[in-house]
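**Student:** Shown below is the structure under consideration.
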Amino acid sequence: MLTDPSSGTACVIVINCGSSSLKFAVLPVEGENTLIKGLAERLGGPEAVLKIERNGEDIRIPMPGATHRDALQEAVGRMSGLRPLGIGHRMVHGGEEFTGSAVICDDMMAAVERCSSLAPLHNPANLVGVRTARELFPELPQVAVFDTAFHQSIPPKAYLYAIPRSYYEELKVRRYGFHGTSHHYVSLETARLLGKPADQTSLITMHLGNGCSACAIKNGRSMDSTMGLTPSEGLMMGTRSGDVDPALHQFLQDQTGMRLSEITTMLNSKSGLLGLSGLSNDMRTLSEAARGGHELARLAIEVFCYRLAKSVYGLMAALDSLDALVFTGGIGENSAEVRALTAAHFKIAGLMLDENKNASHGRDDGGVISSPESRIPCMVVPTNEELMIARETLRLIS
Ligand code: AMP
């Protein structure tokens with residue numbers, strides 16, 4: 001048992017478990033400010049390390065050879081004065097099995113395992129986090145919050161690929177969409193800022209971080225996403241190409257002799273901003289380099305913004321009206337340059353940014369960065385996936 005169960009600040013632990021990493025955050029039941037957060041990296045290896053941030057203090061604990069369990073146990077040892085009511089887990093793929101968050105039990109874990117073929121890198125790692133937390137806290141209720149669940153409202157005309165139907169029926173090959181927790185959270189926050197009920201608000205949200213996706217949301221429900229069967233489809237990202245010609249794989253194999261797995265690695269890990277610039281996957285680095293005259297960095301940013309704008313136009317097909325175009329994620333929240341370059345492609349749609357509001361990321365204007373004359377309102381709304389997972393956890397356990 002971690003702390004005295006009868007005293008301390010009531011809170012929820014949020015866990016995001018990768019194959020060799022474990023990210024966690026502790027959020028209070030009352031209020032929104034994270035109490036502790038941390039990251040254990042390189043687990044299982046000699047350089048395993050746990051980094052914890054609490055009360056503005058950073059602690060770094062080398063843990064050579066540590067497992068996920070060791071790291072979580074160590075982290076929990078630092079949670080004095082806290083009284084966890086439940087644990088929320090980020091889960092990547094819920095397939096068609098999960099249309100919302102779910103309380104974790106044995107049957108539910110078996111269903112997640114059935115979805116693992118759709119996310120072989122992510123789901124098994126997420127399940128390691130669940131098993132570890134259940135072992136350490138058998139008395140605490142645990143909840144899974146899926147990246148895909150928010151998108152289960154996407155209709156068949158948007159989720160079907162135009163390939164023989166048997167692939168969908170037999171293997172569940174279809175578009176799922178990801179970053180659902182972020183798009184959902186941002187849609188609720190945007191509705192709040194607009195003073196409208198979420199179920200009467202229609203938006204296009206753009207989550208631009210290391211991974212990037214955009215989502216069309218009609219009356220609070222996801223109608224389409226740029227991501228597909230996997231998080232590789234759609235927008236250009238830090239190291240991912242996004243959409244390419246489906247014949248590219250065959251062409252590259254014929255011309256270079258590359259194996260399919262090598263082509264997949266190239267498209268996922270060596271492409272996007274990194275591949276086009278030859279410099280970095282990090283937008284900050286590229287912006288600085290572009291300002292210093294690095295032409296390929298400039299071009300990579302231009303391609304990023306153009307392809308984003310083109311995809312957003314495509315998502316408009318899913319909507320009857322648009323209350324706001326919303327930027328979020330590390331790039332979306334912080335790069336006035338990316339927002340301006342993207343918005344410049346929407347002249348035909350009557351989108352006009354206010355330069356000053358954009359420069360201050362809409363912070364003094366309730367998130368709004370467009371000018372009053374703009375036909376499409378445009379906003380910056382910071383995402384908070386941990387908070388959304390904590391809220392979902394509380395909702396399900398109470
Ligand atoms: P995320 O995955 O949401 O943490 O976002 C990471 C991305 O946000 C990286 O490409 C960062 O370079 C980018 N980013 C963070 N801060 C800034 C900034 N001030 N200007 C431009 N890009 C930024």
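**Student:** Subtract the Cα-Cα distance of residue 258 and residue 30 from 0.36 nm times their separation in residues, and report this length gain in nm to one decimal.
**Tutor:** Between residue 258 and residue 30, full extension yields 76.7 nm more.
**Student:** Something else: Can you give the FRET efficiency to the nearest 0.05 for residue 60 and residue 121, using r as the Cβ-Cβ distance and R₀ = 25 Å?
**Tutor:** With R0 = 25 Å, the Cβ-Cβ based efficiency is 0.40.
**Student:** Pop a pseudo-label 7 angstrom from the Cα along the beta-carbon direction at both residue 139 and residue 340 and give the gap in nm to one decimal.
**Tutor:** Result for the modelled spin labels: 5.7 nm.
**Student:** Taking the alpha-carbon distance from residue 218 and a cut-off under 19 Å, which aspartates and glutamates remain once sequence neighbours fewer than 8 residues away in the same chain are dropped?
**Tutor:** Leaving aside aspartates and glutamates fewer than 8 places away in the same chain, those within reach of residue 218 are 147, 189, 199, 320, 323.
**Student:** Further question: Might you report the magnitude of the Cβ-based charge dipole of the chain about its Cα centre, with Lys and Arg at +1 and Asp and Glu at -1, to the nearest 20 debye?
**Tutor:** 260
**Student:** List the equivalent ellipsoid semi-axes of the chain in whole Å, largest first, each obtained as the square root of 5λ for an eigenvalue λ of the Cα gyration tensor.
**Tutor:** For the chain, the ellipsoid semi-axes come out as 33, 26, 23 Å.
**Student:** Over the stretch 266-394, calculate the relative contact order: mean separation of alpha carbon pairs under 8 Å at least 6 apart, over the residue count, as a percent.
**Tutor:** Here the relative contact order equals 19 percent.
**Student:** Would you please put 343-349, 357-363, 235-241 in order of how densely packed they are, using the mean number of other Cβ atoms within 10 angstrom per residue and starting with the highest?
**Tutor:** Answer by packing, highest mean first, reads 235-241, 357-363, 343-349.
**Student:** Under a point spin-label approximation (7 Å from Cα along Cα-to-Cβ), what is the residue 74-residue 188 distance to one decimal in nm?
**Tutor:** Result for the modelled spin labels: 3.3 nm.
**Student:** Okay, moving on. If one computes the Cα centroid of the stretch 75-120 and of the stretch 224-261, what distance in Å separates the two points?
**Tutor:** Cα centroid of the stretch 75-120 versus Cα centroid of the stretch 224-261: 29 Å apart.
**Student:** Per residue and in Å³, how big is the convex hull formed by the alpha-carbon atoms of the stretch 64-207?
**Tutor:** Enclosed volume per residue, from the Cα hull, is 163 Å³.
**Student:** Compute the angle between helix 68-77 and the longest alpha-carbon principal axis of the chain, please, reported from 0 to 90 degrees and rounded to the nearest 10.
**Tutor:** Computed tilt is about 70 degrees.
**Student:** Relative contact order of the stretch 188-311, please, whole-number percent, based on alpha carbon pairs below 8 angstrom and at least 6 residues apart.
**Tutor:** It rounds to 17 percent for the stretch 188-311.
**Student:** Using alpha-carbon pairs under 8 Å, 6+ residues apart, how would you state the relative contact order of the stretch 28-140 in percent?
**Tutor:** Value for the stretch 28-140: 20 percent.
**Student:** Against the longest alpha carbon principal axis of the chain, how many degrees, from 0 to 90 and to the nearest 10, is the axis of helix 180-194 turned?
**Tutor:** Computed tilt is about 70 degrees.
**Student:** Helix 123-136 against the longest principal axis of the chain: what's the angle in degrees, Cα atoms only, rounded to the nearest 10?
**Tutor:** Its long axis makes an angle of about 30 degrees.
**Student:** Rounded to the nearest 5, what is the percent of antiparallel bridges among the DSSP beta bridges in the chain?
**Tutor:** 65
**Student:** Let me understand the stretch 304-385 better: what is its radius of gyration from the alpha carbons, and its Dmax, in angstrom?
**Tutor:** Rg, Dmax (Cα atoms, Å): 11.8, 33.
**Student:** Between residue 349 and residue 109, what FRET efficiency follows from the Cβ-Cβ distance if R0 is 35 Å, with the result rounded to 0.05?
**Tutor:** Between residue 349 and residue 109 the formula returns 0.15.
**Student:** Can you give me the distance in nm between label points at residue 199 and residue 169, each placed 7 Å from the Cα along the Cα-to-Cβ direction?
**Tutor:** Distance between the two pseudo-spin positions: 3.5 nm.
**Student:** Here's another thing I want to ask about it. Given the rule -39500 (n - 2.57) for each run of at least 4 DSSP H residues, summed and divided by the residues of the chain, what is its mean residue ellipticity at 222 nm, to the nearest 500 deg cm²/dmol?
**Tutor:** Only helices count here, giving -10500 deg cm²/dmol.
No value in this document is a laboratory result; all are computed from the given coordinates. Remember, predicted model here, so these are calculated numbers, not experimental data. Cβ coordinates were reconstructed from backbone atoms using ideal geometry, including for glycine residues, and neighbour counts include every protein chain displayed.
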